[in-house]
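Quick notes on the structure that follows.
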Amino acid sequence: MGNKIVVALGGNALGNTVKEQLELASVAAKSIVDLMETGHDIIVTHGNGPQVGMISKAMNYAYEKNIIGTELPMAESSALSVGYIGFHLQNAIQNELRKRGMNKGVASVVTQVLVDKEDGGFRNPTKPIGAFVAKEEAQMLEKETGYKFVEDSGRGYRRVIASPKPVDIIELESIRNLSDHSVVIACGGGGIPVIEENGKLIGAEAVIDKDLTSALLARLIDADVFIILTAVEHVAINFNQPNMKKLEVITQKELKTYVGEGHFAAGSMLPKVLAAMDFTGSGKNKKAIITSLENSSRALRENAGTIIIS
Ligand SMILES: Nc1ncnc2c1ncn2[C@@H]1O[C@H](COP(=O)(O)OP(=O)(O)O)[C@@H](O)[C@H]1O
Ligand SMILES: NC(=O)OP(=O)(O)O
């Protein structure tokens, strides 16, 4: 039983096709095994925005065209995405371990995450999922499907759906026990959202932000380090502006000021920054890192990327 690191992989950092995802999973696997070699127990979490959007769109199209006989609710779409991504990560990490002559188990835990059925997120969709489309296509799709679209960080328009906050991780003890012996992939897609009704857990029509769930997991499991891997090496203020400035080592308090000034986009960088602050605020000597997939083990060894300290 060692000290624990929770590593969160962005859904967008895993590409858009099977081939891209396999290749990027093998890049992630190298970083994950490098991190293992620092002597920590590793728990990998991951996003599913592009993947759950693709699955939901394909299944609903197939249902409308009578190709399949059932609609697929969002909780079940998330479950499919988690199996798809979990398989690629297990496969890539296991192959990387074998290449280095290391022997360790790698296992995925399909994770249910409790949300509050009264959470305001159910009434105000904010979570971008699926592919990026041009404005005209977004307007057409809004009319055709009734989905809501928003602009996402200068990269195009995406469908948005409800994203309530994570309250509790149902499989927490299983994840904790498994992580003493194996690399664990858990809380995929932010976990499958479930609400509680009359003592029963029921899948909800939402996608939870994986950065917020990962921070909750890192807190509950008492991790030392929480690493969020995404497509950019640094968090920036004045993002995409001529006066953009990369953030390096920064205290939680300084970061809070920048949050107040509106430097981080909702649905993309803001949840990562809030998740990092949530974790570093949970105890002394907690460190959160936001950086790119390629940079992760360097970030831990050399303070590269954006490092948030208590
Ligand atoms: N202030 C900022 N600093 C850096 N990146 C930002 C900022 N605001 C928005 N972004 C965008 O947020 C993206 C990361 O969010 P997203 O793609 O949703 O994450 P994920 O990797 O979890 O899928 C970056 O690639 C960048 O385009
Ligand atoms: N569920 C989730 O937060 O996915 P992304 O990381 O892909 O946005």
Need one number: nm distance between label points at Ile309 and Leu201, each 7 Å from Cα along Cα→Cβ, rounded to one decimal.
3.8
So what is the relative contact order of segment 206-256, in percent, for Cα pairs below 8 Å that sit 6 or more residues apart?
19
Connecting every pair of Cα atoms under 10 Å apart in the chain and solving the GNM, the largest mean-square fluctuation among Arg176, Arg159, Arg100 falls on Arg100
If you average over every viewing direction, what projected area does the convex hull of the Cα atoms of segment 38-100 give, in nm²?
5.7
All lysines inside 18 Å of Lys284 as judged from Cα atoms, apart from same-chain residues fewer than 8 positions distant:
Lys4, Lys253, Lys256
Take the solvent-accessible surface of the protein heavy atoms, probe 1.4 Å, and return the percent of it on segment 122-235 that carbon and sulfur atoms account for.
50
On the formula 1/(1 + (r/R0)^6), with r taken between the Cβ atoms of Gln139 and Ser26 and R0 of 51 Å, the FRET efficiency rounded to 0.05 is 0.85
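On full extension of the chain, what length is gained from Lys256 through Met244, given 0.36 nm per residue of separation minus the C-alpha to C-alpha distance?
Numbers: separation 12, 0.36 × 12 = 4.32 nm, distance 1.77 nm.
Result: 2.5 nm gained on full extension.
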Where segment 69-196 is the region considered: accessible area per residue in Å², 1.4 Å probe
48
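Going down the list Lys135/Lys210; Lys143/Lys245; Lys135/Lys286, which pairs span over 30 Å between their C-alpha atoms?
Details: Lys135/Lys210 26 Å; Lys143/Lys245 39 Å; Lys135/Lys286 41 Å.
Exceeds cut-off: Lys143/Lys245; Lys135/Lys286.
Heavy-atom accessible area per residue, segment 203-310, 1.4 Å probe: how many Å²?
Spelled out: the 1.4 Å probe surface of segment 203-310, per residue, equals 44 Å².
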Two-decimal ratio, the chain, of alpha-carbon radius of gyration to 2.2 N^0.38 Å:
0.96
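When only C-alpha pairs under 8 Å and at least 6 residues apart count, what is the relative contact order of segment 110-192, in percent? Kindly include the intermediate steps, with their values, before the conclusion.
Numbers: 118 pairs, mean separation 38.3, N = 83.
Answer for segment 110-192 is 46 percent.
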Cα pair distances in segment 1-132, grouped into 5 Å bins until the bin that holds the longest one, percent each:
2, 9, 17, 19, 18, 14, 10, 7, 3, 1, 0
Check the straight Cα-Cα distances from Lys165 and name the aspartates and glutamates below 15 Å, setting aside those fewer than 8 residues away within the same chain.
Asp116, Glu118, Asp119, Glu196, Glu205, Asp209, Asp211, Asp278
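Give the carbon-plus-sulfur fraction of the accessible surface of segment 25-88 in %, rounded to a whole number; probe 1.4 Å, heavy atoms of protein chains only. List each step's numbers first, then the result.
On the way: 1500 of 2590 Å².
For segment 25-88, the apolar C and S fraction of the accessible surface comes to 58 percent.
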Residues in segment 159-192 that a label on Asn60 would reach, taking backbone N under 16 Å of a point 7 Å out along Cα→Cβ
159-163
May I ask you to list, by number, the DSSP H helices of the chain whose Cα span along the axis is at least 18 Å and whose average Kyte-Doolittle hydropathy reaches -0.5 or more?
18-36, 49-64, 74-99
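Can you classify segment 170-210 as rounded, prolate or oblate using the Cα gyration tensor, where a ≥ b ≥ c are the square roots of its eigenvalues, rounded means a/c under 1.5, and otherwise it's prolate if a/b beats b/c and oblate if not?
Taking the square roots of the gyration eigenvalues as a ≥ b ≥ c, segment 170-210 is oblate.
In nm, what is the difference between 0.36 nm times the number of residues separating Ser182 and Ala107 and their Cα-Cα distance? Could the numbers behind the result be given before it?
On the way: separation 75, 0.36 × 75 = 27.00 nm, distance 0.69 nm.
Residue separation times 0.36 nm, minus the Cα-Cα distance, leaves 26.3 nm.
Take every Cα-Cα pair in segment 18-63 and report what % of them are more than 14 Å apart.
Beyond 14 Å sits 65 percent of the P(r) for segment 18-63.
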Cross-link reach from Lys200 to lysines, straight Cα distance under 18 Å and at least 8 residues apart if same chain, gives Lys117
Computed E for Thr38/Ala266 - FRET, C-beta separation, R0 41 angstrom, nearest 0.05:
0.75
Looks like segment 255-304, by Cα gyration tensor root eigenvalues a ≥ b ≥ c and the a/c under 1.5 rounded cutoff (else prolate when a/b is bigger than b/c, oblate otherwise), is oblate
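The values are calculated or read from the model by the stated rules, or taken from the named source; none is laboratory data. What you see is a predicted model, and the numbers here were worked out from it, not measured in a lab. Neighbour counts are summed over all protein chains in view; Cβ atoms, including those assigned to glycine, are modelled from backbone coordinates with ideal geometry. Heavy atoms of the whole protein, side chains included, go into the accessibility calculation; ligands, DNA and RNA do not. Shrake-Rupley method; radii C 1.70, N 1.55, O 1.52, S 1.80 Å.
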